[in-house]
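Read through the structure below, which is laid out as structure tokens, and then see the notes.
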Number of protein chains: 2
Amino acid sequence: MSNNEYTKINKKDIEFLVSIVGEDRVYVGENINEDFSHDELGGVSRMPEVMVEVLSTEEVSSIMTYAYENSIPVVARGSGTGLVGASVPIYGGIMINLTKMNRILELDEENLTLTLEPGVLLMEIGKFVEEHDLFYPPDPGEKSATIGGNINTNAGGMRAVKYGVTRDYVRGLTVVLPTGKVIEVGGKVVKNSSGYSIKDLICGSEGTLGIVTKAVLRLLPLPKKSISLLIPFPNLDMAINTVPKIIKSKSIPTAVEFMQREVILAAEEFLGKKFPDNSSDAYLLLTFDGNSKEDIEKDYEKVANICLEEGALDVYITDTDERKEAVWSARGAFLEAVKATTTEMDECDVVVPRNRVAEFVKYTDELQKEFNVRIRSFGHAGDGNLHVYVLRDELGQQQWDKKLKDVFECMYKKSVELNGQVSGEHGIGYAKKSYLFEQYGSEYMSLMKGIKLAFDPKNILNPGKVCQ
Amino acid sequence: MSNNEYTKINKKDIEFLVSIVGEDRVYVGENINEDFSHDELGGVSRMPEVMVEVLSTEEVSSIMTYAYENSIPVVARGSGTGLVGASVPIYGGIMINLTKMNRILELDEENLTLTLEPGVLLMEIGKFVEEHDLFYPPDPGEKSATIGGNINTNAGGMRAVKYGVTRDYVRGLTVVLPTGKVIEVGGKVVKNSSGYSIKDLICGSEGTLGIVTKAVLRLLPLPKKSISLLIPFPNLDMAINTVPKIIKSKSIPTAVEFMQREVILAAEEFLGKKFPDNSSDAYLLLTFDGNSKEDIEKDYEKVANICLEEGALDVYITDTDERKEAVWSARGAFLEAVKATTTEMDECDVVVPRNRVAEFVKYTDELQKEFNVRIRSFGHAGDGNLHVYVLRDELGQQQWDKKLKDVFECMYKKSVELNGQVSGEHGIGYAKKSYLFEQYGSEYMSLMKGIKLAFDPKNILNPGKVCQ
């Protein structure tokens, strides 16, 4: 369905929305904050025609039923911390704002599950469950994202090396379909082989197949001890090449991040706080967790020795809460810190097999020289997921557009060559569609389009994203 | 598409198949072993018109392309150890036998992945990776199943409590689509947010969406120690009611199975071997694993104490390989042992939240009395997945049909009441379709049908299964 086939919002529509949620939660025209027109980086913006704050599954269902009957495009949105434009209403229409559906509904300690609404923030989940000695392992850098957003991008984060990604911790969902009908998928059950896994389709579908209004998450017992190692290397190549050797040693760290001096300096500047060390060119930051000191000691000693054998300059053990906070808060600020050093930037979130990370990063170094543009990267060396930022600095619009396009094409081509994928955790949204089409080809994309059609025959839920 | 719209196999079709794989691997009419008309329990049988042994993705693709062009139904099959008729060619046509595609292709220790063909048996995977100190956690009872079958049912097994199910260990797949086109989904990458997760749709789709011809599995380091506890209780209720308390204690065993005296006696009879103890009415069998004795000692001591507080009669520690083998081989033989005590049986594989297991088992006891029929159950107390067998014994056909239907309806109704699902790990196939329809309703089922249509517009791949 092309843009001009969608019905424009009229007075009757607004009246309907007010009849469902009341006047206070319907925003029109200038009353909508400009923030709702874009996310953090997606390179696309458009205001919704109307923005509605919802409080229940029933409200979402009523609005969706109406929108379906009247062919009005709808976009659901959480905190808007996405990076690929997935929550931008590129055809206008209704924006359903889920941030006020933010209640934690139930902690079930016999089934180790947490039931909650989609607007709960990631940082709140961690805090809540840890008070009960429980653990929600997914740990994306952006802690002010909503769990709804995390589910819809299948967010990964730092601890994927050991614990996996968001999908692995979603047991059940309540979903409002594009038609307005409500289905429950999964539940508190640990196993499920009851038909096609709609739950796993919704995870990572970026708001295009349904609107998640409730989720049942799987929890683990909280590991009682954790320790981080900050390990300086003479250069990035040596640092990253050590990672496959760590994995091969059969010690599985909780997290393995890599970082370069420039990025650390930017974070120090951005936070106004010193990093424990910034004298080396490259670092690995590792975490180990377990139930006792002895439990993790053997593992991290083995890994520390591997790193030293591979040329590490030192091993800093970070075992106090204060020191851990200093290191990991810097890591958490990298994206914003890099952003603050330039006028504009775009990012590539490829994932490659973890023994190909070094090769990819080396290639981005070459591109930096070849295209004479600043490129900064950091990311998850332990799971192969890179975050590579191309910085505009003082480039003119045309020059920037061209350079960005060329550099991105090179990077995604390289990723395919290394058996990688377009996105490790940020998704496809609007910004990365062409690269997905390029990699998967028409047969694969037409499957996705067919799935979209099965869910959304009128193509009104977040149209123009992922596979369209 | 109804039965009579499918093209019947003719001489030209046979000639085509021979041209692709050679005469030796094409079986027609009486040359097809009767075994290929049924699985282990699905209650349905029909011979394929032709059975073809394949050796490569290219062969499968050629056959599928031809079948698609000529509207011939196709069913793929591995070891045929299924229990719900998923691999039975209910519309005849071509059976693609994948058991000779049984090569392990690559062990990648830097990425902790195993690449293999779909016909590799589960028992071979365990043996192969353990020789390299690695571990493939999914552990379904039927070790002679193929990995292709395990992927297609999203098989669970004993260790799901701690390690999850097959889906959690599938990183990438090569899939021949119903059209004959070949796609690669996922790969060796640890994270992936690149469009709808086709990989997770194929897992658990019971051969209806595509034919898996290669898989990349995720491995873990092999835990160095494991120990089993066999814990007798005065009755089953007490045994099962202890499980949520174990989970709540934040000790996560690798496996928690429950078993009753009658089933143990049947296994002793069937195997001609004694179980370590058969004097009590009910047992829990638990395993703990970890990297050192000390590592797991604290956990199993805590759990042993919880069991004793809850009324366990004793705790037998099983830490030699020999004793473990005796206990677990008995557990592995339960299905066949129960089958050997009766003339015919059918099974219910529901999964409920793990704190509702006791309630469900109690209910099946009531049904046993109410319907005057023998019911035996065992299963995965730790993950809520039950295997409940209704035994025909000396019942006449009509009486059996009626009783089975009534008992099954009661059980699935109870499962819904307890927020359970129709199948924990055996799938829906042909035998459980009506219960899936009953539970999910038309909106949910039409989504599944829409997905099937997106993959298979002519409905030729394993028609009449899961959602049809």
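The values are calculated or read from the model by the stated rules, or taken from the named source; none is laboratory data. What you see is a predicted model, and the numbers here were worked out from it, not measured in a lab. When we count neighbours, we look across all protein chains shown, and the Cβ atoms used for this are built from the backbone with ideal geometry, even at glycine. Only protein heavy atoms, including side chains, enter the accessible area calculation; ligands, DNA and RNA are left aside. Shrake-Rupley method; radii C 1.70, N 1.55, O 1.52, S 1.80 Å.
A few notes on this one:
- Among residues of the stretch B:453-467, those that are in contact with a Leu (Cβ under 8 Å, 6 or more places away or on another chain) and open to solvent by less than 10 Å² (accessible area, probe 1.4 Å), counted: 5
Per-residue answers, yes or no, for (1) more than 14 Å from chain A (Cβ to nearest Cβ); (2) in a loop (DSSP other than H, G, I, E, B); (3) surrounded by fewer than 20 Cβ atoms within 10 Å (Cβ to Cβ):
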site	(1), (2), (3)
B:VAL75	yes, no, no
B:ALA86	no, yes, no
B:TYR91	yes, yes, no
B:SER144	yes, yes, yes
B:ASN150	no, no, no
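- Within the stretch B:54-85, the residues that satisfy the criterion of being touching a Lys or Arg at 6+ places or on another chain (Cβ under 7 Å) and either over 19 Å from B:VAL175 (Cβ atoms) or without any contact (Cβ under 8 Å) to a residue 24 or more places away in the chain (or both) are B:SER71, B:VAL84.
- Among all residues of the stretch B:114-126, there is none that is charged (D, E, K, R), open to solvent by 30 Å² or more (accessible area, probe 1.4 Å) and touching a Leu at 6+ places or on another chain (Cβ under 8 Å).
- Any hit, the stretch A:303-320, residues being within 30 Å of A:GLY272 (Cβ to Cβ), without any contact (Cβ under 8 Å) to a residue 40 or more places away in the chain and either outside the structural domain of A:ARG159 (by TED's automatic domain parsing) or not polar (S, T, N, Q) (or both): yes
- Selection of first residues in the stretch B:39-53 that are hydroxyl-bearing (Ser, Thr, Tyr) and of second residues that are open to solvent by less than 40 Å² (accessible area, probe 1.4 Å), restricted to Cβ pairs under 6 Å at least 6 apart or on distinct chains, gives the following pairs, ordered by first then second residue: B:SER45/B:SER37.
- When B:LYS214 is tested against the conditions (1) surrounded by 23 or more Cβ atoms within 10 Å (Cβ to Cβ); (2) more than 10 Å from chain A (Cβ to nearest Cβ); (3) closer than 22 Å to B:ASN97 by Cα, the lone failure is (1).
- In this structure, A:GLN397 does satisfy being surrounded by fewer than 23 Cβ atoms within 10 Å (Cβ to Cβ) and free of Cβ contacts under 8 Å to residues at least 24 places away in the same chain.
- Within the stretch B:18-30, residues that are on the phi > 0 side of the Ramachandran plot reach no partner that is open to solvent by 50 Å² or more (accessible area, probe 1.4 Å) and among the hydrophobic types (A, V, I, L, M, F, W, C) with beta carbons closer than 6 Å at six or more positions or on different chains.
- Yes/no for A:LEU418 being open to solvent by less than 10 Å² (accessible area, probe 1.4 Å) and outside the structural domain of A:GLN368 (by TED's automatic domain parsing): no
- Count of the stretch B:99-112 residues, restricted to those that are open to solvent by less than 60 Å² (accessible area, probe 1.4 Å) and either touching a Gly at 6+ places or on another chain (Cβ under 7 Å) or within 21 Å of B:ILE211 (Cα to Cα) (or both), is 3.
- Evaluated against (1) buried (at least 19 other Cβ atoms within 10 Å of the Cβ); (2) more than 14 Å from chain B (Cβ to nearest Cβ), A:VAL256 falls short on exactly one condition, (2).
- Screening A:HIS426 with (1) in a loop (DSSP other than H, G, I, E, B); (2) open to solvent by less than 10 Å² (accessible area, probe 1.4 Å) gives one miss only, at (2).
- Test result for A:GLY207, closer than 20 Å to A:ILE72 by Cβ, open to solvent by less than 20 Å² (accessible area, probe 1.4 Å) and part of a loop (DSSP other than H, G, I, E, B): yes
- Just one of (1) within 26 Å of the chain's Cα centre (by Cα); (2) within 23 Å of A:ILE202 (Cα to Cα) fails for B:SER228. It is (2).
- Candidate set: the stretch A:94-108, residues that are among the β-branched types (Val, Ile, Thr) and not in a loop (DSSP other than H, G, I, E, B); chosen: the one farthest from the chain's Cα centre (by Cα): A:ILE94
- Among the residues listed as A:VAL182, A:VAL175, A:VAL189, the single one being within 7 Å of chain B (Cβ to nearest Cβ), aliphatic (A, V, I, L, M) and farther than 24 Å from A:TYR316 by Cα: A:VAL189
- Of all residues in the stretch B:165-180, those satisfying the criterion of being touching a strand residue (DSSP E or B) at 6+ places or on another chain (Cβ under 9 Å) and either of a type in the set (Gly, Ala, Ser) or part of a loop (DSSP other than H, G, I, E, B) (or both) are B:VAL165, B:GLY172, B:LEU177, B:PRO178.
- Single condition B:LEU286 does not satisfy, out of (1) open to solvent by 10 Å² or more (accessible area, probe 1.4 Å); (2) of a type outside the set (D, E, K, R); (3) out of contact with any helix residue (DSSP H, G or I) (no Cβ under 6 Å at 6 or more places or on another chain); (4) outside the structural domain of B:LYS402 (by TED's automatic domain parsing): (1)
- For A:VAL373: the one exception among (1) closer than 25 Å to A:ALA267 by Cα; (2) of a type outside the set (S, T, N, Q); (3) crowded, with 21+ Cβ neighbours inside 10 Å: (3)
- Identity of the residue in the stretch B:441-452, more than 7 Å from every other protein chain (Cβ to nearest Cβ) and open to solvent by 10 Å² or more (accessible area, probe 1.4 Å), that ends up farthest from B:ASN419 (Cα to Cα): B:LYS449
- Number of positions in the stretch A:15-46 that are farther than 19 Å from A:THR146 by Cβ and open to solvent by 70 Å² or more (accessible area, probe 1.4 Å): 10
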